[in-house]
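The values are calculated or read from the model by the stated rules, or taken from the named source; none is laboratory data. Computed from a predicted model, the values in this text were never measured in an experiment. Because the Cβ atoms are built from the backbone with ideal geometry, glycine has one as well, and the counts that use them run over all protein chains shown. Side chains are part of the model used for accessible areas, which takes the heavy atoms of the whole protein and leaves out ligands, DNA and RNA. Shrake-Rupley method; radii C 1.70, N 1.55, O 1.52, S 1.80 Å.
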Amino acid sequence: MPKKPPAKEEIKQTATQARAAGWKDPLHPQQPLVSGKWLLSALGIVLAAAAICAYATLCLLFYQGSWQLIFHPSRTVNARPNIPYQEIQFDYTETGKPQLTGWWIPVETSARFAGNTILFLHDGRGSLSDAVAILESLHTLDINVFAFDYHGFGKSADLHPSEDSMNRDAAAALAYLTGTRHLPAHSVIIYGSGLGAPIAASTAARHRDTVALILENISPDAATLFSADARTKILPVRLLTSDRFDATGTLKSLPNPKLFLDDGNSPQTRNGFNAASPPRQLFQIGPGDQTKYLETMHRFLDEVLSHQ
């Protein structure tokens with residue numbers, strides 16, 4: 001008769017006896033394949049790598065888009081001066097393409113300050129259209145005015161603006177006045193409003209032969225503007241951008257006559273005045289106080305231009 005197969009109980013008993021005798025089943029692992037400690041370490045490494053990647057991504061996004069926290073440009077020019085002016089294109093590339101567009105607003109040759117020009121640097125918002133009112137006011141002072149849009153603004157070439165590009169644009173505008181229009185630098189007054197104020201100060205510092213500097217409602221510096229966004233508090237902002245927009249250091253050693261105009265809401269203007277070397281003047285002019293504004297400007301122009 002055929003031999004009866006061993007019962008299950010007998011097989012288990014035989015396996016137990018074999019293991020007791022030192023035999024190891026190759027199909028049954030003797031230790032866990034992965035320890036709990038290893039799993040925790042691996043999980044920690046994955047989470048740390050994910051956090052680093054997320055932080056690096058956030059830094060990259062800030063690096064690429066930080067300009068939007070400072071500048072608010074418009075490509076639209078829907079308002080123009082209601083006075084005679086010329087639209088000027090300048091700062092040509094090697095291919096003959098103009099990079100910047102501005103307005104030359106002349107006065108009659110018999111005007112009081114016909115031999116002088118205000119180079120106006122507008123705030124980093126909108127376009128020249130938003131500066132029409134102040135440009136028309138400056139024209140009533142009997143002085144030539146030249147204003148332009150920075151890269152990325154109005155009709156000027158498209159480019160994400162930065163402090164460095166604005167400084168280059170201001171230098172190009174001054175070069176246009178002195179090189180193309182053949183105006184002496186000592187006949188030019190540099191006027192900066194808002195974000196244009198620190199650019200005006202740095203331009204005057206590089207060209208100290210300009211006659212005077214006017215700073216209106218100086219914008220908060222870049223660090224202050226960045227801090228308005230809570231997300232920047234965890235980022236190494238100073239390492240991710242070169243924009244500073246801080247005029248105080250420049251003003252300390254600038255010998256040009258300086259006029260500071262404050263509407264009462266610009267502590268940066270008062271700080272700039274306190275840091276500036278003489279000669280300097282500070283006037284608080286409320287928003288819309290056109291009469292006081294023009295009187296102050298007339299008096300300053302008379303003082304700095306009377307000896308010319």
_Mean separation of Cα contacts under 8 Å, 6 or more apart, over the residue count of the chain: relative contact order %_ = 13 percent
*Please build a GNM for the chain, connecting alpha carbons under 10 Å apart, and tell me which residue among 127, 162, 242 fluctuates the most.*
242
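Please pull out the direction-averaged projected area of the chain, using the convex hull of its alpha-carbon atoms, in nm² to one decimal place. The partial results should precede the final answer.
Details: hull surface 124.8 nm².
With the hull built on Cα positions only, its mean projection is 31.2 nm².
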*Each residue of the stretch 197-210 in turn: what ³J(HN,Hα) in whole Hz from Karplus with 6.51, -1.76, 1.60 and θ = phi - 60°, glycine and Pro shown as x?*
5, x, 5, 4, 5, 5, 5, 5, 5, 7, 10, 6, 7, 5
*Ratio Rg/Rh [Cα only; Rh per Kirkwood] for the stretch 146-223*: 0.96
*Enter the accessible area of residue 240 (Å², nearest 10), with the probe set to 1.4 Å and all protein chains included.*
30 Å²
*Starting from the Cα gyration tensor of the stretch 269-308, multiply each eigenvalue by 5, take the square root, and state the resulting semi-axes largest first in whole Å.*
19, 18, 4
*Roughly how many percent of the accessible protein surface of the stretch 174-287 is carbon and sulfur, given a 1.4 Å probe and a whole-percent answer?*
55 percent
*Net charge of Cβ neighbours under 14 Å - reference residue 294; Lys, Arg +1; Asp, Glu -1*: -3
*Enumerate the calculated ³J(HN,Hα) couplings along the stretch 223-234 in order (Karplus 6.51 cos²θ - 1.76 cosθ + 1.60, θ = phi - 60°), each rounded to whole Hz, writing x wherever the residue is Gly or Pro.*
4, 5, 5, 5, 5, 5, 9, 4, 5, 6, 5, 9
*What is the stretch 176-308's relative contact order, in percent, from Cα pairs under 8 angstrom and six or more apart in sequence?*
21 percent
*Find the centroid of the Cα atoms in the stretch 242-262 and in the stretch 140-197, then give the distance between the two in whole Å.*
17 Å
*Work out the count of Lys pairs in the chain where the Cα-Cα distance is under 29 Å, with the pair 8 or more places apart or on different chains.*
10
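When Lys and Arg each count +1 and Asp and Glu each count -1, what net charge do the other residues less than 9 Å away from residue 197, Cβ to Cβ, add up to?
Values: positive: none; negative: 123, 216.
Local net charge: -2.
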_Residues whose placed amide H lies under 5 Å from that of residue 254, excluding near-sequence neighbours_ = 277
*Net charge contributed by nearby residues that have their C-beta within less than 9 Å of residue 87 (K/R +1, D/E -1)*: +2
*What angle, in degrees between 0 and 90 and rounded to the nearest 10, separates the Cα long axis of helix 163-175 from the longest principal axis of the Cα atoms of the chain?*
20 degrees
*Kirkwood Rh over Cα pairs of the stretch 230-304 into Stokes-Einstein at 20 °C, 1.002 mPa s: D in µm²/s?*
148 µm²/s
